[in-house]
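Q: Attaching a single structure in structure tokens format; questions to follow.
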Amino acid sequence: MQVYQILITMKTLLIPTDFNLKSLNCIAGLTKRYSPEKLNIVLVHMMKITDNMQELLMLSRRSTEYQHISQDFYNTCTLLKQKHADAINNIRIEFFYGSTIAVFKNFLEANEVDTIVMLENYNYTMLNKNSIHPSVLVNRSGLQVVNLNCNQLNEPEAIDNEEILIEEKV
């Protein structure tokens, strides 16, 4: 009797975001593009480090940035993970603090990122004065960058909060 071992690889994608639902439009297509690989998705917003001493002291306790993430954004991430459970291992939300390529490369390595997904024709909203446009660092990262035209991507499906709660309870 022969035993066949199926090896499914894992790929980590970094997707810059401004926490607008439109920035999630690419995920369903990415699951098809990288099938049968399972995906770890890191949604990241990039911010330079402040010069303000008090803000620097509180950096490790920061939560103010998370107020920019709507409940609809969290719900859509949950729904995408549930809907594509066979293709998505994990979806994480992160903030990157820094403005140098060396620090960004350390962030990519620490998160084991294989590929960066950039949305073309997408107007990234700066959440505050410390936000930086992702292309500033992404284009110099040395990693593979996949550019997707966001005008050709489908809108995320409507979110039914009851559906999510029911599926989580089962």
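The values are calculated or read from the model by the stated rules, or taken from the named source; none is laboratory data. Keep in mind the model is a prediction, meaning the values are calculated, not measured. Cβ sites come from the backbone with ideal geometry, for glycine too, and all protein chains shown count toward neighbours.
Q: So how many residues does segment 95-109 have that are surrounded by fewer than 14 Cβ atoms within 10 Å (Cβ to Cβ) and either touching a Cys at 6+ places or on another chain (Cβ under 8 Å) or not in a helix (DSSP H, G or I) (or both)?
A: Total meeting the criteria: 1.
Q: Is one or more of the residues making up segment 54-70 among the acidic types (Asp, Glu), at pLDDT below 95 and surrounded by fewer than 11 Cβ atoms within 10 Å (Cβ to Cβ)?
A: No, segment 54-70 has no match at all.
Q: Okay, next question. Please work out if Ile15 is touching a Cys at 6+ places or on another chain (Cβ under 8 Å), within 25 Å of Thr100 (Cβ to Cβ) and either at pLDDT 95 or above or of a type outside the set (Asp, Glu) (or both).
A: Judged against the criteria, Ile15 is a match.
Q: Which pairs do you get when a residue that is basic (Lys, Arg), found in segment 76-99, comes within reach of a residue that is surrounded by 14 or more Cβ atoms within 10 Å (Cβ to Cβ) and in a strand (DSSP E or B), reach meaning Cβ atoms under 6 angstrom, with the pair 6+ apart or on two chains?
A: From segment 76-99, the pairs are Lys81/Ile88; Lys81/Ile91; Arg92/Val42.
Q: So is Val113 touching a residue at least 60 places away in the same chain (Cβ under 8 Å) and assigned to a loop (DSSP other than H, G, I, E, B) or not?
A: In short, yes.
Q: Also, I was wondering about something else. Residues in segment 116-132 that are more than 19 Å from Tyr66 (Cβ to Cβ) and either part of a strand (DSSP E or B) or without any contact (Cβ under 8 Å) to a residue 40 or more places away in the chain (or both): how many?
A: 7
Q: How many of the residues in segment 22-51 are within 20 Å of Glu120 (Cβ to Cβ), surrounded by fewer than 20 Cβ atoms within 10 Å (Cβ to Cβ) and either modelled with pLDDT of 95 or more or of a type in the set (Gly, Ala, Ser) (or both)?
A: 2
Q: When the residues of segment 111-144 are narrowed to those that are over 16 Å from Phe19 (Cβ atoms) and under 14 Å from the mean Cα position of the chain (by Cα), which ends up surrounded by the most Cβ atoms within 10 Å (Cβ to Cβ)?
A: Ile116
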